[in-house]
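The values are calculated or read from the model by the stated rules, or taken from the named source; none is laboratory data. In this text, all values refer to a predicted model and were calculated from it rather than measured experimentally. Glycine gets a Cβ as well: all are built from the backbone with ideal geometry, and neighbour counts include every protein chain shown.
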Amino acid sequence: MNKLPGAPGNADFVLDNFTVTDLGPTDERLACATLGLASQNGALEPGQPNKVTATFTNHEAKAAKGVEATLDVPEGWKAEPAGATSFDSVAPGEQAAASWNVTPPVDAPYQSYSLSAKTSYQVGGEDRSVGRDLLIRTLAPPPTKDTWVSDTDWVSAENGWGPVEKDMSNGEAGPGDGRPISIGGVDFAKGLGMHAPADVKYYVGGNCERLTAQVGVDDAQRTAGSVKFSVLADGKKVAESPVLKAADSAYELNADISGAKYVQLVVSDGGDGVGNDHASYGGAKWLCG
């Protein structure tokens, strides 16, 4: 067992109530390496190439030689290398990343699938390998008519405190512990409850023209909190609010998302830190078709 570089000097490692079982002798040497596996967009678009990357990190005391990365995908899918997948040598503490363009069938059902990556290498002439599985969804079908944002599934969601909530404000650390969305004394039955910093990404497939919402610090915070809202269409900012504080009324956000495949709903702090920054997208709606 090796301590990773950069670990705190006073870091403790504790094992409690564990059992050691003798499985007998083996000729296989365990790998001292890690393998990460991630998709560029967090979910996979059927019928289109999606970049998936396996990142190998060498924690061995010596260089890893003859590093070879492979990726297994479900039957009927395609995985084509998007760059190098083999490397002559990876020094101790260094990384090597192999990428593939993964294409699910255009009619792949909306569900979760398993991708499996494996990296094989040699240290001192001995064969070793490390693997990683990734459970990932295909993209949810995009909206084709006017639809509440909270009635569509996101691709990914990041939130500064607890989970992003649908049709309720951000509460505490657990899911479903918010209250009805309210901004400036006005209640909203539909919307998203968030906390800065937050970023929720949706796939709309180019089907929608606008996103509308009433945004602001949720009334769960009566006197504190300051936030700014922004909307990104395929990575480009298309709408932004001023800094909004707890005493402010809801701000009308109207974003042109025409032709965009991906839309992100973002909340940032108002420049004074993220404490009490409970923010809501009240009545958020896709205008499509």
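Tell me, which strands (runs of 3 or more DSSP E) wholly within the range 98-198 include 1 or more residues that are β-branched (Val, Ile, Thr) and under 30 Å from Phe56 (Cα atoms)?
In the range 98-198, 112-123, 126-137 are the strands (runs of 3 or more DSSP E) which contain 1 or more residues that are β-branched (Val, Ile, Thr) and under 30 Å from Phe56 (Cα atoms).
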Output the residues belonging to the range 70-80 that are within 17 Å of Ser114 (Cβ to Cβ) and out of contact with any Pro (no Cβ under 6 Å at 6 or more places or on another chain).
Thr70, Leu71, Asp72, Val73, Pro74, Glu75, Lys78, Ala79
Could you count how many residues in the range 153-203 are closer than 21 Å to Lys237 by Cβ and polar (S, T, N, Q)?
2
I'd like to verify a number: residues in the range 30-64 that are over 12 Å from Pro92 (Cβ atoms), touching a residue at least 24 places away in the same chain (Cβ under 8 Å) and not acidic (Asp, Glu), how many?
23
Working only within the range 247-285, note down all residues that are at positive phi and assigned to a loop (DSSP other than H, G, I, E, B).
Gly259, Gly271, Gly273, Asn276
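Residue by residue, here is whether (1) under 22 Å from Gly282 (Cβ atoms); (2) touching a residue at least 24 places away in the same chain (Cβ under 8 Å); (3) among the hydrophobic types (A, V, I, L, M, F, W, C) holds:
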site	(1), (2), (3)
Val90	no, yes, yes
Trp100	no, yes, yes
Gly125	no, no, no
Leu134	no, yes, yes
Leu139	no, yes, yes
Asp146	yes, yes, no
Val164	yes, yes, yes
With Ala38, Ala43, Ala61, Ala79 as the choices, which residue is at pLDDT 85 or above and farther than 22 Å from Tyr110 by Cα?
Ala61
Search result, residues across the range 224-248 that are closer than 21 Å to Trp161 by Cα and either of a type in the set (Asp, Glu) or not assigned by TED's automatic domain parsing to the domain that holds Asn159 (or both):
none
Among the residues of the range 194-212, which ones are closer than 11 Å to Ala284 by Cα and within 23 Å of the chain's Cα centre (by Cα)?
Leu211
Would you please name the residue that is farthest from the chain's Cα centre (by Cα), looking only at residues in the range 222-234 that are polar (S, T, N, Q) and surrounded by fewer than 20 Cβ atoms within 10 Å (Cβ to Cβ)?
Thr223
Among the residues of the range 194-221 satisfying the criterion of being farther than 23 Å from Pro142 by Cβ and among the small types (Gly, Ala, Ser), which is surrounded by the fewest Cβ atoms within 10 Å (Cβ to Cβ)?
Ala220
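What are the residues in the range 254-275 that are of a type outside the set (A, V, I, L, M) and within 11 Å of Met194 (Cα to Cα), if any?
Ser268
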Filter the range 85-96 down to the residues that are part of a strand (DSSP E or B) and not hydroxyl-bearing (Ser, Thr, Tyr), then identify the one that is surrounded by the fewest Cβ atoms within 10 Å (Cβ to Cβ).
Asp88
Hey, can you tell me all the residues within the range 219-241 that are part of a loop (DSSP other than H, G, I, E, B), at pLDDT 95 or above and of a type in the set (Ser, Thr, Tyr)?
Ser241
